[in-house]
Amino acid sequence: MIGIEINANQLTALRKACGEAKKSFAKELAAGINATTKATRTQISKDIRSVVAMKKKDVDAKLKITSKATAQNPVGHVVLEAGRREGLQYYDARQDKRGVSYKIKPGGGRSRVNGSFMGPTPGVLAPKLNGGVFKRAGSTRLPIVKLYGVSAIGAWLKNDFTADTIGFISKGLEKQMERRIKLNVLRANGLVSK
């Protein structure tokens, strides 16, 4: 878990600006934390997709905002689900006469598993296989085994994005606090009504 502290001077300035604007300090603080939490989820997704060729929707499905900040509890959580590796179908898998090719790294070349399949013929997916890539375990027709690439969390951990994420959150939270201080100063001076 990554924890970030808020600059004490910004907290004091926000409290003062909210008091003058007759706005709830706790709600403004929670709004800033929630905006940072949302941006962090987007950044983690981008970081993962910079090293693995998964689609945004597939990576985003693994990232959850499990709690939002409230006036009573100014904490937001983004969780990258742990789990098993993703099936090769998440890596632009394509079946041809020789087997299935796939691409793990963005901008990298394609790899191939000869003899693997996604359906009875190239371009036709077998409904029972749910789009997965399989290969026979031996020389007989059955059993078959599913083939996997890397997991989203595995890509994040292997490339150790922790320091980058901490820096992103710190800067993002600082910007959100500054934005809310300025907004409440404008409110207090009657220059904005929201």
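Report note on the peptides 175-182, 77-84: ranked by the mean count of other C-beta atoms within 10 Å, highest first, their order is 175-182, 77-84. If you take all other residues with their beta carbon under 12 Å from the beta carbon of Val145, and give Lys and Arg +1 and Asp and Glu -1, the sum is +3. For a straight C-alpha distance cut-off of 19 angstrom, the aspartates and glutamates reachable from Lys194 (same-chain residues fewer than eight places away being disregarded) are Glu20, Glu28, Glu178. To the nearest ten degrees, helix 8-21 and the longest principal axis of the Cα atoms of the chain are 60 degrees apart. Between Leu125 and Asn73, residue separation times 0.36 nm minus the direct Cα-Cα distance comes to 13.9 nm. All alpha carbon pair distances within the chain were sorted into 5 Å bins beginning at 0; the resulting P(r) in whole percents reads 1, 7, 13, 14, 12, 10, 9, 8, 7, 6, 5, 4, 3, 1, 0, 0.
Once both axes come from the Cα atoms, what is the angle between helix 25-49 and the longest principal axis of the chain, in degrees from 0 to 90, rounded to 10? Result, in degrees: 20. Here are some pairs, Lys64/Lys128; Lys56/Lys103; Lys62/Lys135; which of them have Cα atoms lying more than 18 Å apart in this structure? Cα-Cα > 18 Å for Lys64/Lys128; Lys62/Lys135; rest within. On the basis of the beta-carbon distance and an R0 of 22 Å, Ile4 and Lys64 show a calculated FRET efficiency of 0.75. Between Val192 and Arg187, the built amide H atoms are under 5 Å apart, and every one of these is 5 or more places off in sequence or on another chain.
Peptides 121-133, 86-98, ordered by how many other C-beta atoms sit within 10 Å of their residues on average, highest first, read 86-98, 121-133.
For the pair Arg98 and Val51, label points projected 7 Å from Cα toward Cβ lie 3.0 nm apart. For Gly109, the shell of other residues with beta-carbons less than 15 Å away shows a net charge of +4, using +1 for Lys and Arg and -1 for Asp and Glu.
For Asn7, neighbours were defined as the other residues whose beta-carbon sits under 11 Å from its Cβ, and their charges (Lys and Arg +1, Asp and Glu -1) total -3.
Taking the longest Cα principal axis of the chain as reference, the axis of helix 162-188 is set at about 40 degrees.
Coordinate-derived values only; no laboratory data. In this text the structure is predicted, and so the values were computed from the model without any measurement. Here the Cβ is made from the backbone with ideal geometry for all residues, glycine too, and neighbour counts use every protein chain on show.
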